[in-house]
Amino acid sequence: MVLSRAKFTLIASTVLLISVSSTVYFHGLWPRPRRRVPLELSPDLSVPSLCRDTNSIAPWDTSWVRKGPPTERFRDNLRNDTSYITTWSNAGFTNQFMNYVNMIYLGTLSDRVPILPPFAPDHHISSSAGVIPFADIFDLSHLRRVLQTPILEWRDVKTLPSHLSSDPYSATEIEDLGCWSTREESSSEPIRAENVVHHLGLDVSYTRVPSQTRFKPKDPNEPHVVFSQLAASVFPVDPIKPPDALPNFAPSPLGHNLPPDVSLTCYDRLYYATSGVDVYEWRFSWSPAWRTIARHLRFTESVSRLGEEYLLKTLGLGPAWDELPPFIAVHVRRGDFANFCSEDSNTDCLPPLSVYEERVEDVKTELMSKLGLVPENVLLMSDEKSPLFWEEVRSMGWLHINHTQERTIERFGEWYPPLIDIVAQSYAVGFVGTEDSTFSLISQRRVEDWNGGVSRTVHVRKDF
(Lines give C-alpha, C1' and ligand atoms only; values in the text may rest on other atoms or scores of the structure.)
Protein backbone atom coordinates (compact mmCIF):
# COMPACT_ATOMS: atom_id res chain seq x y z
CA MET A 1 0.00 0.00 0.00
CA VAL A 2 1.32 3.45 -0.92
CA LEU A 3 -0.12 6.56 0.74
CA SER A 4 -0.36 9.83 -1.15
CA ARG A 5 1.40 12.75 0.53
CA ALA A 6 -2.01 14.24 1.45
CA LYS A 7 -3.20 11.06 3.15
CA PHE A 8 0.19 10.64 4.80
CA THR A 9 -0.03 14.18 6.23
CA LEU A 10 -3.62 13.64 7.43
CA ILE A 11 -2.75 10.46 9.31
CA ALA A 12 0.41 11.98 10.79
CA SER A 13 -1.53 15.05 11.95
CA THR A 14 -4.23 12.88 13.56
CA VAL A 15 -1.82 10.72 15.53
CA LEU A 16 0.19 13.81 16.50
CA LEU A 17 -2.90 15.21 18.27
CA ILE A 18 -3.45 11.90 20.03
CA SER A 19 0.18 11.71 21.16
CA VAL A 20 0.49 15.32 22.34
CA SER A 21 -2.68 15.08 24.41
CA SER A 22 -1.40 11.98 26.20
CA THR A 23 2.28 12.82 26.74
CA VAL A 24 3.10 12.64 30.46
CA TYR A 25 6.40 12.86 32.30
CA PHE A 26 7.58 11.60 35.66
CA HIS A 27 8.74 14.54 37.76
CA GLY A 28 10.19 14.41 41.23
CA LEU A 29 9.48 10.72 41.92
CA TRP A 30 12.12 9.58 44.39
CA PRO A 31 13.58 7.12 45.02
CA ARG A 32 13.78 6.34 41.33
CA PRO A 33 12.76 2.99 39.83
CA ARG A 34 15.77 1.42 38.17
CA ARG A 35 13.98 1.07 34.85
CA ARG A 36 13.11 4.67 34.18
CA VAL A 37 10.41 4.42 31.50
CA PRO A 38 8.37 7.61 30.92
CA LEU A 39 4.62 7.13 30.51
CA GLU A 40 4.92 8.38 26.94
CA LEU A 41 6.65 5.10 26.10
CA SER A 42 3.54 3.13 26.97
CA PRO A 43 2.02 1.57 23.82
CA ASP A 44 -1.47 2.49 25.04
CA LEU A 45 -0.54 6.16 25.26
CA SER A 46 1.83 6.85 22.38
CA VAL A 47 0.80 4.40 19.65
CA PRO A 48 -2.76 4.78 18.33
CA SER A 49 -4.86 1.79 17.37
CA LEU A 50 -3.97 2.24 13.70
CA CYS A 51 -0.36 1.37 14.48
CA ARG A 52 -1.14 -1.61 16.72
CA ASP A 53 -2.84 -3.25 13.76
CA THR A 54 -0.28 -5.71 12.40
CA ASN A 55 -1.58 -5.05 8.89
CA SER A 56 -0.84 -1.32 9.13
CA ILE A 57 2.39 0.63 9.18
CA ALA A 58 2.80 3.74 11.29
CA PRO A 59 3.22 6.95 9.27
CA TRP A 60 6.59 7.50 10.98
CA ASP A 61 7.92 4.09 10.00
CA THR A 62 11.11 4.47 7.96
CA SER A 63 9.86 2.11 5.26
CA TRP A 64 7.77 5.01 3.90
CA VAL A 65 10.85 7.06 3.09
CA ARG A 66 13.28 4.57 1.58
CA LYS A 67 12.95 2.04 -1.18
CA GLY A 68 14.19 -0.93 0.79
CA PRO A 69 17.21 -2.41 2.62
CA PRO A 70 20.57 -0.57 2.49
CA THR A 71 22.07 -0.30 -1.00
CA GLU A 72 25.64 0.15 -2.21
CA ARG A 73 24.81 3.70 -3.35
CA PHE A 74 22.62 5.90 -1.19
CA ARG A 75 20.85 7.46 -4.17
CA ASP A 76 19.45 4.06 -5.16
CA ASN A 77 17.51 3.98 -1.88
CA LEU A 78 16.10 7.52 -1.81
CA ARG A 79 12.53 8.09 -3.00
CA ASN A 80 11.79 10.62 -5.74
CA ASP A 81 8.78 11.98 -3.82
CA THR A 82 10.69 12.64 -0.58
CA SER A 83 13.31 15.21 0.40
CA TYR A 84 16.09 14.53 2.89
CA ILE A 85 18.59 16.33 5.11
CA THR A 86 21.87 15.32 6.78
CA THR A 87 24.96 16.82 8.40
CA TRP A 88 28.26 15.92 10.06
CA SER A 89 30.47 17.48 12.67
CA ASN A 90 34.06 17.66 13.86
CA ALA A 91 33.60 17.88 17.62
CA GLY A 92 33.38 15.92 20.85
CA PHE A 93 30.45 13.62 21.59
CA THR A 94 28.17 16.23 23.17
CA ASN A 95 28.70 18.81 20.43
CA GLN A 96 28.07 16.16 17.79
CA PHE A 97 24.84 15.31 19.62
CA MET A 98 23.76 18.97 19.59
CA ASN A 99 24.74 19.26 15.92
CA TYR A 100 22.62 16.24 14.98
CA VAL A 101 19.66 17.42 17.05
CA ASN A 102 19.80 20.79 15.29
CA MET A 103 19.70 18.93 11.99
CA ILE A 104 16.60 16.96 13.02
CA TYR A 105 14.92 20.19 14.09
CA LEU A 106 15.81 21.85 10.79
CA GLY A 107 14.33 18.82 9.04
CA THR A 108 10.99 19.43 10.76
CA LEU A 109 11.04 23.06 9.56
CA SER A 110 12.09 22.29 6.00
CA ASP A 111 9.87 19.23 5.37
CA ARG A 112 12.89 16.99 4.95
CA VAL A 113 13.53 13.53 6.39
CA PRO A 114 16.64 13.52 8.63
CA ILE A 115 19.38 10.98 7.92
CA LEU A 116 21.61 10.63 10.97
CA PRO A 117 25.30 9.76 10.69
CA PRO A 118 27.04 7.85 13.46
CA PHE A 119 29.15 9.53 16.11
CA ALA A 120 32.70 9.58 14.78
CA PRO A 121 35.96 10.24 16.65
CA ASP A 122 37.28 13.77 16.67
CA HIS A 123 37.89 15.86 19.80
CA HIS A 124 38.75 13.83 22.92
CA ILE A 125 38.32 10.44 21.16
CA SER A 126 41.01 8.78 19.03
CA SER A 127 40.27 7.51 15.52
CA SER A 128 41.01 3.96 16.63
CA ALA A 129 37.83 4.08 18.75
CA GLY A 130 35.75 3.68 15.58
CA VAL A 131 32.26 5.03 14.97
CA ILE A 132 29.20 4.40 17.10
CA PRO A 133 25.72 4.49 15.48
CA PHE A 134 23.30 7.07 16.85
CA ALA A 135 20.55 4.55 17.61
CA ASP A 136 22.96 2.37 19.57
CA ILE A 137 22.88 5.12 22.20
CA PHE A 138 19.55 6.92 21.77
CA ASP A 139 16.09 5.42 21.32
CA LEU A 140 15.14 6.58 17.84
CA SER A 141 11.94 4.52 17.83
CA HIS A 142 10.71 6.57 20.77
CA LEU A 143 11.65 9.86 19.11
CA ARG A 144 9.84 8.88 15.91
CA ARG A 145 6.68 8.13 17.89
CA VAL A 146 6.85 11.42 19.78
CA LEU A 147 7.50 13.52 16.66
CA GLN A 148 5.22 11.36 14.50
CA THR A 149 7.79 11.52 11.72
CA PRO A 150 10.28 9.09 10.16
CA ILE A 151 13.95 9.55 11.00
CA LEU A 152 16.64 7.54 9.21
CA GLU A 153 20.21 6.59 9.96
CA TRP A 154 22.78 6.37 7.20
CA ARG A 155 23.10 2.64 7.84
CA ASP A 156 19.38 2.33 6.94
CA VAL A 157 20.07 3.83 3.53
CA LYS A 158 23.54 2.75 2.45
CA THR A 159 25.73 -0.30 3.02
CA LEU A 160 28.53 1.01 5.24
CA PRO A 161 31.68 -0.50 6.74
CA SER A 162 30.82 -2.25 10.00
CA HIS A 163 31.19 0.03 13.00
CA LEU A 164 32.93 -2.92 14.65
CA SER A 165 35.52 -3.09 11.85
CA SER A 166 39.16 -2.29 12.51
CA ASP A 167 38.90 0.21 9.63
CA PRO A 168 35.42 1.77 9.51
CA TYR A 169 36.67 4.66 7.37
CA SER A 170 37.20 2.81 4.08
CA ALA A 171 33.91 2.55 2.23
CA THR A 172 33.81 0.43 -0.92
CA GLU A 173 31.58 2.89 -2.80
CA ILE A 174 32.56 6.60 -2.95
CA GLU A 175 29.79 8.94 -4.12
CA ASP A 176 29.93 12.58 -5.17
CA LEU A 177 27.78 15.00 -3.19
CA GLY A 178 27.34 18.78 -3.15
CA CYS A 179 26.66 20.29 0.29
CA TRP A 180 26.28 23.60 2.11
CA SER A 181 28.91 25.08 4.39
CA THR A 182 27.85 27.22 7.36
CA ARG A 183 31.47 28.03 8.16
CA GLU A 184 31.97 31.75 8.80
CA GLU A 185 32.71 33.70 5.62
CA SER A 186 36.15 34.71 6.85
CA SER A 187 37.17 31.05 6.80
CA SER A 188 38.82 29.68 3.69
CA GLU A 189 37.85 26.03 4.32
CA PRO A 190 34.64 24.16 5.16
CA ILE A 191 34.37 21.60 7.96
CA ARG A 192 35.57 18.39 6.35
CA ALA A 193 34.79 16.00 9.29
CA GLU A 194 36.89 13.39 7.54
CA ASN A 195 36.25 10.38 9.79
CA VAL A 196 32.48 10.43 9.43
CA VAL A 197 32.52 11.45 5.74
CA HIS A 198 34.97 8.67 4.90
CA HIS A 199 32.81 6.18 6.80
CA LEU A 200 29.81 7.24 4.71
CA GLY A 201 31.79 6.93 1.48
CA LEU A 202 31.25 10.49 0.29
CA ASP A 203 33.34 12.94 -1.73
CA VAL A 204 31.91 16.33 -0.83
CA SER A 205 32.15 19.78 -2.38
CA TYR A 206 30.74 22.85 -0.64
CA THR A 207 28.82 26.02 -1.36
CA ARG A 208 28.45 28.74 1.29
CA VAL A 209 24.96 29.22 2.73
CA PRO A 210 23.33 32.50 1.58
CA SER A 211 24.47 35.46 3.67
CA GLN A 212 20.91 36.22 4.82
CA THR A 213 20.86 32.91 6.72
CA ARG A 214 23.42 34.24 9.21
CA PHE A 215 22.56 35.72 12.61
CA LYS A 216 24.58 38.82 11.67
CA PRO A 217 24.63 38.79 7.87
CA LYS A 218 27.19 41.59 7.54
CA ASP A 219 29.73 40.10 9.95
CA PRO A 220 32.29 37.94 8.08
CA ASN A 221 33.23 36.22 11.35
CA GLU A 222 29.66 35.21 12.23
CA PRO A 223 29.38 31.41 12.68
CA HIS A 224 25.73 31.37 13.76
CA VAL A 225 22.98 30.63 11.25
CA VAL A 226 19.22 31.02 11.68
CA PHE A 227 16.95 27.97 11.48
CA SER A 228 14.08 29.70 9.67
CA GLN A 229 16.40 31.24 7.09
CA LEU A 230 18.09 27.90 6.45
CA ALA A 231 14.69 26.22 6.08
CA ALA A 232 13.61 28.84 3.56
CA SER A 233 16.79 28.31 1.56
CA VAL A 234 16.39 24.52 1.28
CA PHE A 235 12.61 24.05 1.34
CA PRO A 236 11.73 21.55 -1.42
CA VAL A 237 9.28 24.01 -3.01
CA ASP A 238 10.19 27.61 -3.85
CA PRO A 239 13.45 28.03 -1.90
CA ILE A 240 14.54 31.66 -1.48
CA LYS A 241 17.42 31.12 -3.90
CA PRO A 242 18.20 28.21 -6.27
CA PRO A 243 21.27 26.33 -4.97
CA ASP A 244 22.99 26.42 -8.35
CA ALA A 245 22.77 30.24 -8.35
CA LEU A 246 25.54 30.51 -5.76
CA PRO A 247 29.30 30.18 -6.42
CA ASN A 248 31.17 27.10 -5.29
CA PHE A 249 33.13 27.55 -2.07
CA ALA A 250 35.40 24.50 -1.93
CA PRO A 251 35.91 21.56 -4.33
CA SER A 252 35.74 17.99 -3.12
CA PRO A 253 38.97 16.15 -2.22
CA LEU A 254 38.68 14.32 -5.55
CA GLY A 255 38.10 17.53 -7.49
CA HIS A 256 34.40 17.91 -8.32
CA ASN A 257 32.45 21.16 -7.83
CA LEU A 258 28.83 20.10 -7.54
CA PRO A 259 26.18 22.58 -6.36
CA PRO A 260 24.23 21.66 -3.20
CA ASP A 261 22.14 18.57 -3.78
CA VAL A 262 18.40 19.21 -4.08
CA SER A 263 17.16 15.79 -2.96
CA LEU A 264 19.60 15.34 -0.04
CA THR A 265 20.38 18.69 1.55
CA CYS A 266 23.59 18.41 3.57
CA TYR A 267 25.62 20.70 5.82
CA ASP A 268 29.17 20.59 7.10
CA ARG A 269 28.05 21.88 10.50
CA LEU A 270 24.83 22.92 12.25
CA TYR A 271 26.14 23.29 15.78
CA TYR A 272 25.79 27.09 15.60
CA ALA A 273 22.17 27.11 14.40
CA THR A 274 19.82 29.42 16.31
CA SER A 275 16.18 30.49 16.22
CA GLY A 276 17.38 34.06 15.76
CA VAL A 277 16.59 35.24 19.30
CA ASP A 278 20.10 34.72 20.68
CA VAL A 279 23.27 32.71 20.09
CA TYR A 280 24.14 29.43 21.83
CA GLU A 281 20.45 28.94 22.60
CA TRP A 282 20.93 25.54 24.22
CA ARG A 283 21.88 27.60 27.28
CA PHE A 284 18.20 28.40 27.75
CA SER A 285 15.39 26.12 28.86
CA TRP A 286 13.28 27.47 25.96
CA SER A 287 15.78 26.35 23.30
CA PRO A 288 13.61 25.15 20.37
CA ALA A 289 16.00 22.33 19.45
CA TRP A 290 16.04 21.09 23.05
CA ARG A 291 12.30 21.47 23.68
CA THR A 292 11.22 19.98 20.36
CA ILE A 293 13.81 17.25 19.81
CA ALA A 294 16.53 16.63 22.37
CA ARG A 295 14.44 16.24 25.52
CA HIS A 296 12.67 13.32 23.83
CA LEU A 297 15.93 11.52 23.01
CA ARG A 298 16.02 8.91 25.76
CA PHE A 299 18.86 6.45 26.06
CA THR A 300 18.38 2.92 24.76
CA GLU A 301 17.48 0.23 27.26
CA SER A 302 20.93 -1.38 26.98
CA VAL A 303 22.79 1.90 27.54
CA SER A 304 20.48 2.82 30.44
CA ARG A 305 21.03 -0.57 32.03
CA LEU A 306 24.80 -0.20 31.75
CA GLY A 307 24.66 3.21 33.41
CA GLU A 308 22.47 1.81 36.18
CA GLU A 309 24.91 -1.03 36.84
CA TYR A 310 27.77 1.42 37.27
CA LEU A 311 25.63 3.64 39.50
CA LEU A 312 24.55 0.78 41.74
CA LYS A 313 28.13 -0.34 42.24
CA THR A 314 29.38 3.21 42.92
CA LEU A 315 26.57 3.80 45.42
CA GLY A 316 27.41 0.54 47.18
CA LEU A 317 24.16 -1.17 46.24
CA GLY A 318 23.73 -4.72 44.98
CA PRO A 319 22.56 -5.62 41.47
CA ALA A 320 19.17 -6.75 42.81
CA TRP A 321 18.41 -3.27 44.20
CA ASP A 322 15.15 -2.07 42.71
CA GLU A 323 15.46 1.65 43.37
CA LEU A 324 18.11 4.32 42.95
CA PRO A 325 18.30 6.68 45.93
CA PRO A 326 18.30 10.41 45.16
CA PHE A 327 21.77 11.83 44.55
CA ILE A 328 23.48 14.97 43.29
CA ALA A 329 25.79 14.75 40.26
CA VAL A 330 28.73 17.12 39.86
CA HIS A 331 30.66 17.66 36.65
CA VAL A 332 34.02 19.41 37.02
CA ARG A 333 35.45 20.29 33.62
CA ARG A 334 39.24 20.70 33.78
CA GLY A 335 41.42 19.42 30.92
CA ASP A 336 41.20 21.88 28.03
CA PHE A 337 39.54 24.47 30.29
CA ALA A 338 43.03 25.14 31.61
CA ASN A 339 43.35 27.19 28.41
CA PHE A 340 41.40 29.86 30.26
CA CYS A 341 44.41 30.24 32.54
CA SER A 342 47.34 32.50 31.81
CA GLU A 343 50.37 31.01 30.09
CA ASP A 344 52.48 31.04 33.26
CA SER A 345 49.74 29.35 35.30
CA ASN A 346 48.43 25.79 35.56
CA THR A 347 45.21 23.99 36.43
CA ASP A 348 45.39 25.50 39.95
CA CYS A 349 43.91 28.65 38.41
CA LEU A 350 40.65 26.75 37.91
CA PRO A 351 37.92 26.89 40.60
CA PRO A 352 38.72 24.62 43.57
CA LEU A 353 36.36 21.91 44.70
CA SER A 354 35.25 24.12 47.58
CA VAL A 355 33.38 26.31 45.06
CA TYR A 356 31.53 23.27 43.70
CA GLU A 357 30.82 22.23 47.28
CA GLU A 358 29.11 25.58 47.90
CA ARG A 359 26.88 25.00 44.87
CA VAL A 360 26.05 21.50 46.10
CA GLU A 361 24.84 23.00 49.38
CA ASP A 362 22.71 25.47 47.41
CA VAL A 363 21.17 22.56 45.48
CA LYS A 364 20.47 20.65 48.69
CA THR A 365 18.71 23.66 50.17
CA GLU A 366 16.48 24.09 47.12
CA LEU A 367 15.76 20.36 46.90
CA MET A 368 14.58 20.40 50.50
CA SER A 369 12.32 23.36 49.80
CA LYS A 370 11.05 22.07 46.44
CA LEU A 371 10.82 18.30 46.90
CA GLY A 372 11.43 17.67 50.59
CA LEU A 373 14.65 15.80 49.73
CA VAL A 374 18.15 15.99 51.18
CA PRO A 375 20.28 13.61 49.07
CA GLU A 376 23.14 12.04 50.99
CA ASN A 377 25.18 10.96 48.00
CA VAL A 378 27.21 13.28 45.77
CA LEU A 379 28.66 11.71 42.62
CA LEU A 380 31.44 13.62 40.83
CA MET A 381 32.61 13.22 37.25
CA SER A 382 35.68 14.98 35.86
CA ASP A 383 38.37 14.75 33.19
CA GLU A 384 40.99 15.73 35.78
CA LYS A 385 43.99 13.36 35.83
CA SER A 386 45.74 14.52 39.01
CA PRO A 387 45.73 11.91 41.84
CA LEU A 388 45.68 14.78 44.36
CA PHE A 389 42.39 15.99 42.91
CA TRP A 390 40.77 12.58 43.36
CA GLU A 391 42.19 12.23 46.85
CA GLU A 392 40.44 15.49 47.75
CA VAL A 393 37.19 14.20 46.24
CA ARG A 394 37.35 11.11 48.45
CA SER A 395 38.24 13.18 51.52
CA MET A 396 35.03 15.19 51.00
CA GLY A 397 33.01 11.99 51.14
CA TRP A 398 31.98 12.33 47.51
CA LEU A 399 31.80 9.36 45.17
CA HIS A 400 33.04 8.86 41.63
CA ILE A 401 32.91 6.19 38.94
CA ASN A 402 36.42 4.79 38.66
CA HIS A 403 36.70 3.79 35.00
CA THR A 404 40.31 2.72 35.41
CA GLN A 405 39.40 0.30 38.16
CA GLU A 406 36.33 -0.88 36.23
CA ARG A 407 38.42 -1.31 33.06
CA THR A 408 35.69 0.46 31.09
CA ILE A 409 37.80 1.16 28.01
CA GLU A 410 39.13 -2.41 27.90
CA ARG A 411 35.62 -3.87 28.25
CA PHE A 412 33.54 -1.53 26.10
CA GLY A 413 35.78 0.87 24.19
CA GLU A 414 36.99 4.45 24.32
CA TRP A 415 33.55 6.02 23.84
CA TYR A 416 32.13 4.51 27.02
CA PRO A 417 33.74 6.31 29.99
CA PRO A 418 32.13 9.65 29.06
CA LEU A 419 28.97 7.93 27.83
CA ILE A 420 28.46 6.08 31.12
CA ASP A 421 29.07 9.34 33.00
CA ILE A 422 26.42 11.07 30.87
CA VAL A 423 23.87 8.35 31.56
CA ALA A 424 24.67 8.35 35.28
CA GLN A 425 24.23 12.13 35.48
CA SER A 426 20.80 11.84 33.86
CA TYR A 427 19.53 9.93 36.93
CA ALA A 428 20.39 12.73 39.38
CA VAL A 429 17.86 14.87 41.22
CA GLY A 430 20.42 17.66 41.62
CA PHE A 431 23.24 18.76 39.36
CA VAL A 432 26.23 21.09 39.62
CA GLY A 433 28.12 21.66 36.38
CA THR A 434 30.82 23.79 34.83
CA GLU A 435 29.65 26.88 32.95
CA ASP A 436 30.47 26.88 29.21
CA SER A 437 30.85 23.09 29.15
CA THR A 438 28.27 21.56 26.82
CA PHE A 439 28.85 18.24 28.61
CA SER A 440 27.52 19.94 31.77
CA LEU A 441 24.81 21.83 29.91
CA ILE A 442 23.04 18.80 28.44
CA SER A 443 23.14 16.94 31.76
CA GLN A 444 21.68 20.03 33.41
CA ARG A 445 18.82 20.05 30.91
CA ARG A 446 18.10 16.35 31.52
CA VAL A 447 18.11 16.66 35.30
CA GLU A 448 15.76 19.65 35.17
CA ASP A 449 13.36 18.43 32.46
CA TRP A 450 13.44 14.66 32.94
CA ASN A 451 13.60 14.56 36.72
CA GLY A 452 12.15 17.88 37.85
CA GLY A 453 15.51 18.46 39.50
CA VAL A 454 17.60 21.44 40.57
CA SER A 455 20.89 22.69 39.11
CA ARG A 456 23.69 25.20 39.57
CA THR A 457 26.88 25.98 37.62
CA VAL A 458 30.39 27.15 38.45
CA HIS A 459 31.89 29.73 36.12
CA VAL A 460 35.55 29.05 35.44
CA ARG A 461 36.43 32.69 34.86
CA LYS A 462 34.19 34.36 37.44
CA ASP A 463 33.92 32.10 40.47
CA PHE A 464 37.58 32.02 41.39
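The values are calculated or read from the model by the stated rules, or taken from the named source; none is laboratory data. In this text the structure is predicted, and so the values were computed from the model without any measurement. Backbone-built Cβ (ideal geometry, glycine too); neighbour counts: all protein chains shown. Ligands, DNA and RNA are stripped out before the accessible areas are found, and what is left, the full protein with its side chains, is counted by its heavy atoms. Shrake-Rupley method; radii C 1.70, N 1.55, O 1.52, S 1.80 Å.
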Checklist line | Check on residue 60, open to solvent by less than 40 Å² (accessible area, probe 1.4 Å) and farther than 21 Å from residue 192 by Cβ | finding: yes
Checklist line | Filtered residue count, region 382-435, keeping only those that are farther than 16 Å from residue 306 by Cα, among the aromatic types (Phe, Trp, Tyr) and under 20 Å from the mean Cα position of the chain (by Cα) | finding: 1
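This table checks each residue for (1) under 14 Å from the mean Cα position of the chain (by Cα); (2) open to solvent by 20 Å² or more (accessible area, probe 1.4 Å); (3) closer than 21 Å to residue 261 by Cβ; (4) not aromatic (Phe, Trp, Tyr).
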| site | (1), (2), (3), (4) |
| --- | --- |
| 90 | yes, yes, yes, yes |
| 96 | yes, no, no, yes |
| 100 | yes, no, yes, no |
| 116 | yes, no, yes, yes |
| 139 | yes, yes, no, yes |
| 144 | no, yes, no, yes |
| 152 | no, no, yes, yes |
| 155 | no, yes, yes, yes |
Note to self: Checking the structure you have, find out if any residue of region 172-180 is part of a loop (DSSP other than H, G, I, E, B), out of contact with any strand residue (DSSP E or B) (no Cβ under 7 Å at 6 or more places or on another chain) and farther than 16 Å from residue 74 by Cβ.
What the structure shows: no
Notebook entry, point to check: Is at least one residue of region 361-368 at pLDDT below 95, closer than 22 Å to residue 446 by Cβ and either in contact with a Cys (Cβ under 6 Å, 6 or more places away or on another chain) or of a type in the set (D, E, K, R) (or both)?
Noted result: no
Notebook entry, point to check: When residues of region 407-435 are filtered for being touching a residue at least 60 places away in the same chain (Cβ under 8 Å), part of a loop (DSSP other than H, G, I, E, B) and open to solvent by 10 Å² or more (accessible area, probe 1.4 Å), how many remain?
Noted result: 3
Checklist line | Residues that are at positive phi and either open to solvent by 10 Å² or more (accessible area, probe 1.4 Å) or in a strand (DSSP E or B) (or both), drawn from region 194-209 | finding: none
Notebook entry, point to check: List pairs: first in region 279-295 and touching a residue at least 40 places away in the same chain (Cβ under 8 Å) and more than 18 Å from residue 109 (Cβ to Cβ), second outside any loop (DSSP other than H, G, I, E, B) and hydrophobic (A, V, I, L, M, F, W, C), Cβ under 8 Å, 6+ apart or cross-chain?
Noted result: 283/441
Note to self: I need the full set of residues from region 165-185 which are of a type outside the set (A, V, I, L, M, F, W, C), open to solvent by 50 Å² or more (accessible area, probe 1.4 Å) and at pLDDT 95 or above, in order please.
What the structure shows: 176, 183, 185
Note to self: Restricting to region 279-325, and then to whatever is within 27 Å of residue 400 (Cβ to Cβ) and hydroxyl-bearing (Ser, Thr, Tyr), can you tell me which residue is most open to solvent (accessible area, probe 1.4 Å)?
What the structure shows: 302
